[in-house]
Amino acid sequence: MLTESCCLKFARGHRLQHDTVRHLWIIQAPEKAFIADEIAAATLKLVDGKRSLKEIIDALTADYQADRSIIARDVTALLAELRDKGVLNS
Amino acid sequence: MTTPYIPSAAEAPPMSLLAEVTHRCPLSCPYCSNPLELVRKSQELSTESWKRVFKEAADLGILQVHFSGGEPMVRPDLPDLIAYAQSLNLYTNLITSGVFLTRDTLKTLDEAGLDHVQLSFQDVIPEEADRLSGFSNVQPRKLEAARLIREAGLPLTLNFVLHKGNIERMPAMFALARKLGAIRVEMANTQYYGWALRNRAALLPSLAQLDAAQDVVNAELARGGLAIDYVTPDYYADRPKPCMGGWGRRFLNISPSGKVLPCHAAETIPGLTFDNVEEKPLKEIWENGQAFRRFRGTEWMPEPCASCDRKEIDWGGCRCQALALTGDACNTDPVCSLSPRHNTILDAIREANEKTELPFIYRHFST
């Protein structure tokens, strides 16, 4: 279970990077690459092993001037999915 | 959300570069995927040439570089090459037999910023691993290599090449992967080109073996915790594999001497001209090189491919296989049951299901 006090980082061998040829944000992983859409990229740029999930949600809520509960739901779902895939860990 | 990366346009930039930095190898496996004619040390690209190629590759849109061979660790400049690729934001993957991996050599690679290691295993039984690799006491070295890789915190994939003689030990292979802390396992049945084709009758599993293997894979997938990439021998399929994700669509391969190939077996195909990175920029080769244009897209296709609704799914299958089994790389891959030459596949399957114990033809190369 992912709570707002959780603090995630990229697992070794996984990273977010900007693809300057295709103009996309991508997640690099062993033997594959995923495209991160704008919201996913904005979120993952904040994942640094120091910020808690709460701090990430607060920052995105301020940036996008959106309803915090909706941001919290989407961000938690995204990060939980990436943790389950082994892209992120705590 | 996140989605897998799939290129769209036919001339879209490639995603992966297989950098075959050498053909030299201390092992002598009977299913070796390298060409029958190997590149000698004196013909290998220099450190500076490889670096220039990586810069051109990153500018072209390559995201991942797979350092392969031969055994890439025979090159003393490997850490230097990895560090340079890493500085260009290229994802660096080392594909190794592990026999030269020690605490010291791994530390150098780790400090160079290596992202991921694929460690090859021939078997789970030490005697069988020795027999397959032609290398004495190979298994303890590989087990130690795996331990060191995990100790350094590097993500590890175990690679197994499956064949008639080891496919029934897949449960033990999965158990080994879990015990060693691998995050991923590649279990690829031998693909029958070059050296492996010479040994096909001794390597191709029976249908019963393949059915059992699929059950094992399904059970392991259900257990979770391990990414599994299982590749069946396409001889038993009705439709061909989309070889390389389509010719000249995603991958390129650079040979130890700098030849740029659409796949690592492409040199077997007559009538193709392979450009060399010492003579032309990589972008020019990828976009306009004769070898890449020859089978890119669907224009080249004969019937039954040309009118097939799967032509942009399997891209006509494998050109090297069409050549090896029908004598002409322009033919439909004979794996396809619609191919007029599908009988060549059926004959090979019959042979594999009749004969059991056959000797291997080994290959040896070190110069």
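Label-point separation (nm) for B:Leu338 and A:Arg22, each offset 7 Å from Cα along Cα-to-Cβ?
According to this spin-label approximation, the distance is 2.9 nm.
Consider a paramagnetic label point 7 Å from the Cα of A:Ser69 along Cα→Cβ; state which residues of the stretch A:1-16 have an amide N under 11 Å from it.
Once the point is set 7 Å along Cα→Cβ of A:Ser69, nothing inside the stretch A:1-16 turns out to lie under 11 Å by backbone N.
In nm, to one decimal, how far is the modelled label at B:Trp300 from the one at A:Asn89, with both set 7 Å along Cα→Cβ?
The modelled label-to-label distance comes out at 4.3 nm.
Under a point-charge model restricted to the Cβ atoms of Lys and Arg (+1) and Asp and Glu (-1), what is the dipole moment magnitude of chain A relative to its Cα centre, in debye to the nearest 20?
Working: 13 positive and 13 negative charges, 74 e Å.
Result for chain A is approximately 360 debye, rounded to the nearest 20.
Please state the charge dipole magnitude for the protein assembly as shown, taken about the Cα centre, from unit charges on C-beta atoms (+1 on K and R, -1 on D and E), reported in debye and rounded to the nearest 20. Intermediate values should be presented prior to the final figure.
Values: 52 positive and 58 negative charges, 124 e Å.
So the magnitude is around 600 debye.
Once R0 is set to 35 Å, what does the formula 1/(1 + (r/R0)^6) return for the Cβ-Cβ distance between B:Glu111 and B:Ser42, expressed as a FRET efficiency to the nearest 0.05? Kindly include the intermediate steps, with their values, before the conclusion.
Numbers: r = 30 Å, r/R0 = 0.85.
Rounded to the nearest 0.05, the efficiency is 0.75.
Looking at B:Gly327, B:Asn343, B:Ser307, which one has the Cα that reaches farthest to the positive end of the dipole of the stretch B:273-345 (charges on Cβ: Lys, Arg +1; Asp, Glu -1)?
B:Asn343
Straight-line reach from B:Lys164: which lysines have Cα under 20 Å away, leaving out those fewer than 8 places along the same chain?
The qualifying lysines are B:Lys355.
Between the stretch B:133-188 and the stretch A:42-90, what's the alpha-carbon centroid distance in Å?
Taking the Cα centre of each part, the stretch B:133-188 and the stretch A:42-90 sit 35 Å apart.
Nearest 0.05, what FRET efficiency do B:Ala172 and A:Ala62 give at R0 = 60 Å with Cβ-Cβ as r?
The computed FRET efficiency comes out at 0.65.
Using +1 on the beta carbon of Lys and Arg, -1 on that of Asp and Glu, and nothing else charged, what's the dipole of chain B about the Cα centre, debye to 20?
Values: 39 positive and 45 negative charges, 63 e Å.
In total the dipole reaches around 300 debye.
Which net charge results when you count Lys and Arg as +1 and Asp and Glu as -1 among the other residues whose beta-carbon is under 11 Å from that of B:Leu81?
Working: positive: B:Lys51, B:Arg75; negative: B:Glu48, B:Asp77, B:Asp80.
So the environment of B:Leu81 carries a net charge of -1.
Mind checking which of B:Tyr31, A:Tyr64, B:Tyr192 is farthest towards the positive end of the protein assembly as shown's charge dipole, using Cβ charges of +1 (Lys, Arg) and -1 (Asp, Glu) about the Cα centre?
With unit charges placed on the Cβ atoms, the residue in question is B:Tyr31.
Could you rank B:Ile95, B:Ile345 by how accessible they are, 1.4 Å probe, largest area first?
On the way: B:Ile95 40, B:Ile345 0 Å².
My answer, sorted largest first, is B:Ile95, B:Ile345.
Would you work out which of B:Ala208, B:Thr47, A:Val75 lies farthest towards the positive end of the dipole of the protein assembly as shown? Charges go on Cβ: Lys and Arg +1, Asp and Glu -1.
Toward the positive end, the furthest listed residue is B:Thr47.
Which lysines does B:Lys311 reach when only Cα atoms under 20 Å apart count, and residues fewer than 8 places away in its own chain are ignored?
Those lysines meeting the cut-off are B:Lys241.
Could you tell me the calculated FRET efficiency between B:Glu151 and B:Arg239, based on Cβ-Cβ distance and R0 = 30 angstrom, to the nearest 0.05? Walk me through the numbers on the way to the answer.
Details: r = 44 Å, r/R0 = 1.45.
Working from the Cβ atoms, E equals 0.10.
Taking a 22 Å limit on the Cα-Cα distance, which of the listed pairs A:Lys9/A:Lys54; A:Lys50/B:Lys107; A:Lys32/B:Lys179; A:Lys9/A:Lys32 fall beyond it?
Details: A:Lys9/A:Lys54 14 Å; A:Lys50/B:Lys107 27 Å; A:Lys32/B:Lys179 24 Å; A:Lys9/A:Lys32 19 Å.
Over 22 Å Cα-Cα: A:Lys50/B:Lys107; A:Lys32/B:Lys179.
Buried by at least 40 Å² relative to the chain on its own: which residues of the stretch B:82-104 qualify, computing accessible area with a 1.4 Å probe on protein heavy atoms?
Buried-area filter returns B:Asn89, B:Tyr91.
Tell me the accessible surface of B:Ile313 in square angstrom (1.4 angstrom probe, heavy atoms of protein chains only), to the nearest ten.
Surface accessible to solvent at B:Ile313 totals approximately 90 Å².
Among A:Asp58, A:Asp67, A:Asp37, which one shows the highest mean-square fluctuation when chain A is modelled as a Gaussian network with alpha-carbon springs under 10 Å?
A:Asp67
Please give every one of the aspartates and glutamates within straight-line cross-link reach of B:Lys55, meaning a C-alpha to C-alpha distance under 19 Å, and leave out same-chain neighbours fewer than 8 residues apart.
Hits, sequence-local ones excluded: A:Asp19, B:Glu20, B:Glu44, B:Asp77, B:Asp80, B:Asp115, B:Asp275, B:Glu278, B:Glu279, B:Glu284, B:Glu287.
The values are calculated or read from the model by the stated rules, or taken from the named source; none is laboratory data. Fair warning: this is a prediction, and the values are worked out from it, not measured in the lab. Every residue, glycine among them, receives a Cβ derived from its backbone with ideal geometry; neighbour counts consider all protein chains shown. The accessibility values were calculated without ligands, DNA or RNA, using every heavy atom of the protein model including side chains. Shrake-Rupley method; radii C 1.70, N 1.55, O 1.52, S 1.80 Å.
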